[in-house]
């Protein structure tokens, strides 16, 4: 015999809510965001960008770039709020970008030092190590964004509703 209260159905935001919420909090990097809000917004934007890409081939207009520019700030904000839900700083989202920015000067030096094979090889290996480190940071960020947030209040506020 089961004792206690059985859990009810999983509460998920309506389909409009998870897409509109990041637009309503455009540029708001404070507070917390549930997984459904982040991933719903993320996948919906992927679908919209793919549709716009298909339309571009028919019309010739660069619609996807306009949309991509429009979603930069709300995407960054919902990403930071999602990290806050797991009690992580929003700066964690910059880790893959930081490693990539560190890799580009090395890649450019590789191009200039091609004549000196020994030194060029070292730069080449270092550049690829930076790219692998960036991919590892991106994987870590994806895991953090997919992980369930803190059930109670944390330093970023109460749990998202």
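Values quoted throughout were computed directly from the atomic coordinates according to the rules given, and no laboratory measurement underlies them. None of the values given here were measured: they were computed from a predicted structure. Cβ coordinates were reconstructed from backbone atoms using ideal geometry, including for glycine residues, and neighbour counts include every protein chain displayed.
Provide 57, 134, 153 in ascending order of the number of other Cβ atoms located within 10 Å of each residue's Cβ, fewest first.
Values: 57 7, 134 19, 153 10.
Ascending Cβ contact count within 10 Å gives the list 57, 153, 134.
A quarter of the convex hull surface defined by the alpha-carbon atoms of region 28-161 gives 10.6 nm² as the mean projection. Find the centroid of the Cα atoms in region 145-161 and in region 41-69, then give the distance between the two in whole Å. About 32 Å separates the Cα centre of region 145-161 from the one of region 41-69.
A protection proxy built from the mean count of other Cβ atoms within 10 Å ranks the segments 124-131, 83-90, most packed first, as 83-90, 124-131.
Counting neighbouring beta carbons within 10 Å and listing from fewest to most, the residues 138, 52, 97 come out as 97, 138, 52.
Which order results if 32, 82, 155, 64 are arranged by neighbouring Cβ count within 10 Å, fewest first?
Numbers: 32 23, 82 27, 155 8, 64 17.
Going from least to most buried by this count: 155, 64, 32, 82.
Report the relative contact order of region 16-85, percent, no decimals, based on alpha-carbon pairs under 8 angstrom and at least 6 residues apart. Relative contact order here is 54 percent. Restricting the calculation to Cα atoms, region 16-85 yields a radius of gyration followed by a Dmax of 13.1, 41 Å.
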